[in-house]
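Quick notes on the structure that follows.
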Amino acid sequence: MKISAFWVVVVAIFVGGLVLTEVVDNEYYFTALYVILQATIMAIAWNILGGFTGYVNFGSAAFFAVGAYTSIALNKSLGLPLPLLIAAAAIVCGLIGLGVGYLTLRLKGVYFAIATLAMAIVFETLITNWAYVGGARGAYILTPETFLWFKSYIQMVFIVMLMLALTAVAISRMLNSSRIGRGLAAIRDDEVAAECAGVPTLRLKLISTTVMGALMGVAGAPYPFFVTFVDPVSAFNLFIAVNAIAMPMIGGTAHWLGPVIGALLVGTTQEIITVNVSSELNILLVGIMLVLFITLAPQGIVGLWLKYWRRRKK
Amino acid sequence: MSEVVLQVNNLSKRFGGFTALRNVELHVGAGERLGLIGPNGSGKTTMINCISGALFNDEGTITFEGRDITRMPPHQRANLGIARSFQIPKPFRSMTVLENLRVPLEYAAHARTSRRRIMDEAMEVLELIGLKDRANQNSAGLTQVDMRKLELARALAAKPRLLVSDEAMAGLSSSEVDEILEILFALNKRGVAVIMIEHIMRAVMRFSERVLVLDAGEKIAEGTPKEIVHNPDVERAYLGE
Amino acid sequence: MLTADLLANAVVAGILLGGFYAAVAIGLAIIFGQLDIVNIAHPAFIIVGAYTAYILNSRFGFDPVLVGVLAAPIFFIVGAGIYRIYYAAFERTGQESLSGLAFFFGVMFIIEVVLILVYGVDYRLVAARYIGSTWSLGFVDLPFRLLVPFVTAVALTAGVYAYLSRTFMGRAIQAVAQDRLALQLMGANPVSVKQWAFALGMATAAIAGSLLIIIGPVEPSVGRLYIGRAFAIVVLGGMGSIPGMFIAALILGVVESLVTTFWGPSWAPAVAFGLLLLTLAFRPSGLFGR
């Protein structure tokens, strides 16, 4: 019964998105929703490794940027359409996740975290020095003239992003409540004990980093068409990495719903503050919320809610 | 005791310049109860780490039911049927007691368990260990004895042929020690061979059919509990010259 | 001959830069190398040190090195406070691996954003009589803006090394990393030893920051480049060994300087991070580890 309820909600949200493109004309709303959905995918992806498995990735922005630049490079060289670009970004970033994981995951967890920081700067330097995709000056991307039956291109990328986000939610939920998910949770709780219980820890950690990388690449792939200008500074922006950590931490990391709730809540708040106050203040607020939540409510909103629920039941 | 489950030959392990184990031979028969004792730093923990795969030995071979497992990672050994409990309990803290058992049932015993029966089998293990009424409690909140029991329950849920029990009784009261001993006897009755590492002599001597004594990384004695008690080398190792 | 000239100057500049890197990494060698606390906000605190030097220098004309020394005790106290929070919220509850890391990440981010909000993204610099002058030895130039940080950093490293190996507290700090039992036998409380050590590491950030702004202008996000440098040096130096850390800092300085001279400055940031990735992948115990 629960399975069908989940899919009903997923389909309902998707249909809701389609209806929105028919009734709303103001492009701002689709821009805002795109930004929130992008952050949602990043948060979900981060949480698959961070929340489920217990390994911190500081280099989310690098996966995102490599996804975006894969798009730029393949669009420029081969003129591939968006769906293929998304698939290519998923493959490239999945492989990067696998590679970094393979090199460092046999060591203590903190080394992986530090390695992801290192990886972000290495890729930023590489792309800054890669003239084909614009180097430090950045690259302009022409948005395609056709956009199916939608009224504008932005509406179409919004629908694409909505599909990707729903797919990410489904993947995350599947991982969380499956046999693999319990293996990952065992790793997070105690890696030595997990291995002794028969959990192939290295393999599961590599699956986890690969899925995380691929999803982040997917989030980045449509980005060039959304903003039409990409440079290394904006694509590797630290704010992307901070959001990817803050949203699951605020929402709650142990449950697949946590990053979704965190992303929708924080993302919406950010849009409101950016429009009404200032974008710097919005960034500062996310940082402060992150620190406050992890010190005072490490289980996040989902954790607080479960606690409240249990107390009421008693 | 004709069939040998675990055979360890000429095992040596060094850490830098320090030799933790030197040419140790050890075997366990099917369904046998072996006690492994020795003073602190004698190499007991290194020994069980080599058997479970947490450490790789430098020299020597380990065979389990006829298969060479010397270079096999721990999770594959668990799949074959070697289970281990930890001296300091390592529960999966975010899970309930029942979910803790689900992990070994779904992984180590995966090939030998039907998916439909996982929850039933987990409950059966809890029943046997005496943790049934704690099934849905969070494992992080258990008492010390219950944590030790959970360690054993989780090891048992892996459906092992050999259980390595690392000081499951240290720090427990006398009646609690008896409780754990009963559990180990019950496991053994189901055909599981047990290697018991323990400091509490009363428990080792009561439990073991055969006792092996390590001192400074070498095997100094092996025999029935009675023989070991009267062995002058053992006395010297424990009491000094 | 031109290349020999260029090479000699690049190596000397690299050594001077490397010395300064030691000042950047020494706090982390204590906090991360010995206490095992992954304080990725350390470089952000170094930037705070640099801005402190900038403020007192531009308002009152204080010498930046002097500001660094004067600010060190304040950083020490702040560090003790931060460790208290870290201990209570993460270390005691066993949450340090996930939440603790995210905590320092958040702190780093907050520092950066606050600095941007207050001072903007413009580069800031300090004025001191020696900064523009250069000491020439034959064809090798020794600019004072590198020489002063080098000398100060060497003194700082030597001082911390002497403190750790000669004093009771210093030995307790080293024991906290290796042997908790010995520490208890010494009659020291591990938590207060760690607090003291964390505070000490933070105090070095004040000095490192003042040196950073002598070398060149600083803006809030510069700190991020130093995360990789500092961690690369600590890991390469063998986690917590002060002499190992110093040699690793010199190596990184020279390699970076060579890359900048012969390849171009835009590649320099990747050197430290690349070195760090390679070390982690192939020699996680560091250059001098077993």
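The values are calculated or read from the model by the stated rules, or taken from the named source; none is laboratory data. Computed from a prediction, not measured in an experiment: that's the story for all the values here. A quick note on method: Cβ atoms are made from the backbone with ideal geometry, for glycine too, and the neighbour counts reach across all protein chains shown. We work out accessible area using only protein heavy atoms, side chains counted, and drop any ligands, DNA or RNA first. Shrake-Rupley method; radii C 1.70, N 1.55, O 1.52, S 1.80 Å.
For the pair residue A:145 and residue A:25, the difference between a 0.36 nm per residue extended length and the Cα-Cα distance amounts to 41.4 nm. The modelled label-to-label distance for the pair residue B:12/residue A:227, using points 7 Å beyond Cα in the direction of Cβ, is 6.1 nm.
The distance between label points at residue A:11 and residue C:225 comes to 5.5 nm (points 7 Å beyond Cα on the Cα→Cβ vector). Taken one residue at a time, the phi angles of the range C:233-249 give Karplus couplings (6.51, -1.76, 1.60, θ = phi - 60°) of 5, 5, 5, 4, x, x, 6, x, 7, 5, x, x, 4, 5, 5, 4, 4 Hz. Gly and Pro are set to x. Ordering C:171-178, C:210-217 by mean Cβ neighbour count within 10 Å, with the highest value first, yields C:210-217, C:171-178.
Counting only residues at least eight positions apart within a chain, or on another chain, the lysines with an alpha carbon under 16 Å from that of residue B:13 are B:44, B:219. Shielding by partners for peptide B:104-113, expressed as the average number of C-beta atoms from other protein chains within 10 Å of each residue's C-beta, is 4. Of the residues making up the range B:39-80, those losing 30 Å² or more of accessible area when the isolated chain is joined by the remaining protein chains, with a 1.4 Å probe, are B:74, B:75. Placing a pseudo-label 7 Å from each Cα along the Cα-to-Cβ vector at residue B:199 and residue B:63 gives an inter-label distance of 3.7 nm. Extension gain, residue A:275 to residue A:91: 0.36 nm times the residue separation minus the Cα-Cα distance gives 62.7 nm.
Within 10 Å of the Cβ of each residue in C:106-118, the mean number of Cβ atoms contributed by other protein chains is 6. Measuring with a 1.4 angstrom probe and ignoring ligands and nucleic acids, residue A:111 comes out at about 20 Å² accessible.
Take the accessible area of B alone and of A alone, subtract that of the pair with a 1.4 Å probe, and the total buried over both chains is about 1800 Å². Computed over neighbours whose Cβ is under 11 Å from that of residue C:94, the net charge equals -2, Lys and Arg +1, Asp and Glu -1. Among residues other than residue B:118 with Cβ under 10 Å from its Cβ, the summed charge is +2 (Lys and Arg +1, Asp and Glu -1). Cross-link partners of residue B:149 among lysines, defined as those whose alpha carbon lies under 20 angstrom from its own and excluding same-chain residues fewer than eight positions apart: B:90, B:132, B:159, B:189.
Per residue of chain B, the DSSP helices (runs of n ≥ 4 H) give a summed -39500 (n - 2.57) that works out to -10500 deg cm²/dmol at 222 nm.
Close amide H partners of residue C:238, meaning residues 5 or more places away or on another chain with modelled amide H under 5 Å apart, are C:287, C:288. Using modelled amide H (1.01 Å from N, peptide plane; none on Pro or chain starts), what sits under 5 Å from the amide H of residue B:96, excluding residues fewer than 5 places away? Under 5 Å from the amide H of residue B:96 lie the amide H atoms of B:139, each far enough along the sequence or on another chain. With r as the distance between the Cβ atoms of residue A:192 and residue B:123 and R0 = 25 Å, compute the FRET efficiency 1/(1 + (r/R0)^6) and round to 0.05. Rounded to the nearest 0.05, the efficiency is 0.45.
Think of it as helices only: each DSSP H run of n ≥ 4 in chain A is worth -39500 (n - 2.57), and spread over all residues that comes to -26000 deg cm²/dmol at 222 nm. Interface area, chains A and C: about 3500 Å² of buried accessible surface, summed, with a 1.4 Å probe and ligands, DNA and RNA left out.
Database remark: amide H of residue B:14 closer than 5 angstrom to the amide H of B:20, B:58 (H placed geometrically; neighbours at sequence offset of 5 or more, or on other chains; Pro and chain starts carry no H). Hey, with R₀ at 45 Å, roughly what FRET efficiency would residue A:35 and residue A:4 work out to, going by the Cβ-Cβ distance, to 0.05? In this case the efficiency is close to 0.90. In a fully extended conformation the segment linking residue C:130 and residue C:4 would gain 42.6 nm over its present Cα-Cα distance, using 0.36 nm per residue. Taking the 1.4 Å solvent-accessible surface of the protein assembly as shown as the whole, the part contributed by carbon and sulfur is 63%.
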